[in-house]
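Take a look at the structure below.
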Amino acid sequence: MVSHRTLILECGPDRVSLGVFSRTTQRLCLHELAVETLPVAIGQNCDVQWLENTGAALRSLRRRITNRGPVTLLLPARLCLTKFIKLPRVEPAQREKILRFEAAQNIPYAIEDVVWDSVAVNETETGSEALLAAAKRDSLETFCLAAQSAGFEPRRILPATFATLAGFKLISEQGGRGFLGVNLGAQSTSLVLMEKSGHFALRTFALGLDENVIRSSVGTETQPAVEKREPFSTRLLQEITRSLLHFQWRSGMGKPDSVCLSGIPTGLYGLSEALEGKLKVPVRLADFRAVVDFQKKSIGSGAEERGAALVDLIGAASTYFEPHQPVVNLLPPQLRDRAGSRRRRPWLVAAAMVTTMILIPPLVHFRSLRDEALKKNRAIERELAPVRMWDRRNQENLRRLAEVKQDLALYRDTNARRCSWLRLMVGLQEQLGRVEDVWLDKLQLAPAVAGEPMKILVSGRMLDRAHPLAKVSQETYSRVKILLTQLSGLPSIAGVEAERFDNRQAGLLKFDFVLVGEKQRPL
């Protein structure tokens with residue numbers, strides 16, 4: 001949900017600007033504008049000096065501005081990496097994986113050390129194109145800490161390149177088929193090439209309007225120094241030409257038919273004529289008076305003339321009110337979560353209050369029903385107390401009865417198994433007596449195996465009375481087979497296995513076999 005008024009905070013290398021915007025019908029309205037100029041940071045610790053100067057400027061702006069609320073921070077172009085990435089046409093989930101892979105490949109730092117975001121900018125039949133933006137996490141956290149220390153609440157971090165794009169889009173209708181926006185900064189220059197189809201390209205390079213360039217343009221610098229250095233317009237034209245060739249090679253965009261300059265200081269009037277003469281297209285200064293209402297009571301009469309220097313502030317404000325703007329948010333995740341919870345807090349409090357008011361009548365009604373039910377429950381409990389005592393006694397008696405039955409079954413099983421060996425031996429003796437002329441040499445239990453029935457190893461010999469001096473006859477073999485068959489029917493015996501016979505001794509047939517016990521009726 002967009003607030004009634006939006007605060008935009010731009011932190012540049014030479015100044016810090018704060019603008020308060022709102023939307024009236026189809027136009028933006030700039031209510032307040034405060035600018036703090038920064039001293040030039042030089043030396044090896046220029047970044048530290050710039051951060052200290054920016055913090056002091058933020059505290060001064062906080063005291064000057066009357067509106068309060070969350071702000072959008074514009075991240076300087078030198079602290080942000082932007083890159084166009086081509087993606088194939090795949091499912092959204094797969095596209096997210098490819099985008100993460102491409103981000104890890106194109107960002108020159110470890111992915112966990114940066115904050116990155118992307119936005120789709122062009123869709124074709126074969127694929128799509130996304131604009132990736134990334135910045136180092138520690139720089140963003142330091143940037144946000146400086147703003148918080150001054151009393152501001154960062155809600156969004158927008159790279160300045162995206163704000164420049166949005167600002168030029170507001171006035172691109174004034175151009176022709178192709179429109180080139182050039183935003184000149186103190187340390188860098190941003191180019192935005194846009195076509196009527198909505199296709200665009202961006203580039204930022206380190207060529208800015210430092211103090212020496214401004215002095216040479218207005219004639220305050222010494223003549224030898226001017227002659228030694230190449231003119232700024234020449235270097236700028238070289239970079240613009242190189243960028244247009246790159247845009248044409250990468251995305252097939254054509255040459256623009258108009259150029260718009262922004263961010264130009266008051267004394268640098270000769271640059272427009274120089275660029276117009278070399279590019280052979282009309283060159284004009286950015287004029288936002290057709291799309292922005294400047295409240296002179298709050299920001300002074302010079303705001304309209306300074307409009308060309310406010311392209312980033314105006315563009316960042318338009319991203320709040322204009323739909324379908326390509327924007328990203330580089331706010332660190334912990335601050336983003338905190339801001340989300342802070343935005344939801346008033347709604348949660350209101351929802352809690354409404355819920356409480358709605359629930360009070362049902363709570364009173366159900367409380368009376370609960371009291372009545374408790375009274376009935378206590379009366380029933382008094383009547384059921386003796387029944388429950390009898391039930392506990394019955395349960396105890398049933399438990400004891402189950403234990404007695406279990407003990408009785410154990411005693412019966414023990415008694416039955418006590419006589420099992422005696423019955424086995426009696427049955428074995430009877431069968432040996434029936435067959436005659438046979439005796440046992442060995443009766444031994446085999447080693448027990450878990451899960452297997454008990455086995456008895458048996459060895460014995462049978463006498464062949466008819467042939468005492470020769471090998472045993474076939475009749476002796478038959479008698480032994482009959483014996484084994486009869487032994488398999490003994491009590492607790494399931495069968496006979498592993499039979500072996502030895503007839504090497506004259507008149508005697510030696511045999512070995514194994515008696516297999518039953519699992520259900522073990523010995």
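Observations on the model:
- Links that overshoot a 27 Å alpha carbon limit, given the list 169/255; 455/510; 97/255; 83/255; 136/196; 136/278: 97/255; 136/196; 136/278
- Length-normalised contact order of the range 412-492 in % [C-alpha pairs under 8 Å, at least 6 apart]: 33 percent
- Report note on the peptides 392-405, 488-501, 249-262, 150-163: ranked by the mean count of other C-beta atoms within 10 Å, highest first, their order is 150-163, 249-262, 488-501, 392-405.
- Relative contact order %, the chain, counting alpha carbon pairs below 8 Å whose residues are six or more apart: 12 percent
- Mean-position separation - Cα centroids, the range 82-103 and the range 457-477, in angstrom: 92 Å
- Convex hull of Cα atoms in the range 394-523, direction-averaged projection (nm²): 9.6 nm²
- Added length on full extension, which subtracts the Cα-Cα distance from 0.36 nm per residue, residue 101 to residue 62: 9.9 nm
- As a calculated quantity, the FRET efficiency between residue 459 and residue 416 at R0 = 25 Å, using C-beta atoms, amounts to about 0.30.
- Residue-normalised accessible area of the range 1-153, given per residue in Å² at a 1.4 Å probe: 52 Å²
- Modelled label positions at residue 136 and residue 426, each set 7 Å beyond Cα in the direction of Cβ, lie 10.1 nm from each other.
- Protein heavy-atom surface of the range 428-523, 1.4 angstrom probe: 51% of the accessible area is carbon and sulfur, with nucleic acids and ligands not counted.
- Relative to the current alpha-carbon distance between residue 369 and residue 383, full extension at 0.36 nm per residue lengthens the span by 2.9 nm.
- Electrostatic dipole magnitude of the range 465-513 [Cβ: Lys, Arg +1; Asp, Glu -1; Cα centre; debye, to 20]: 220 debye
- Diffusion coefficient, µm² s⁻¹, Stokes-Einstein with Kirkwood Rh over alpha-carbon pairs of the chain at 37 °C and 0.692 mPa s: 101 µm²/s
- Protein heavy-atom accessible surface, 1.4 Å probe, per residue over the range 385-523: 69 Å².
- The calculated 222 nm mean residue ellipticity attributable to helices in the chain amounts to -15000 deg cm²/dmol, summing -39500 (n - 2.57) over DSSP H runs of n ≥ 4 and dividing by all residues.
- Solvent-accessible area, 1.4 Å probe, carbon plus sulfur percent, for the range 1-116: 52 percent
- Chain lengthening between residue 500 and residue 518 when straightened (0.36 nm per residue, less Cα-Cα): 4.3 nm
- Extending 7 Å from Cα along the Cβ direction at residue 350 and again at residue 295 yields two label points whose distance is 2.3 nm.
The values are calculated or read from the model by the stated rules, or taken from the named source; none is laboratory data. None of the values given here were measured: they were computed from a predicted structure. Reconstructed Cβ throughout: ideal geometry from the backbone, glycine too, with neighbour counts over all protein chains shown. Side chains are part of the model used for accessible areas, which takes the heavy atoms of the whole protein and leaves out ligands, DNA and RNA. Shrake-Rupley method; radii C 1.70, N 1.55, O 1.52, S 1.80 Å.
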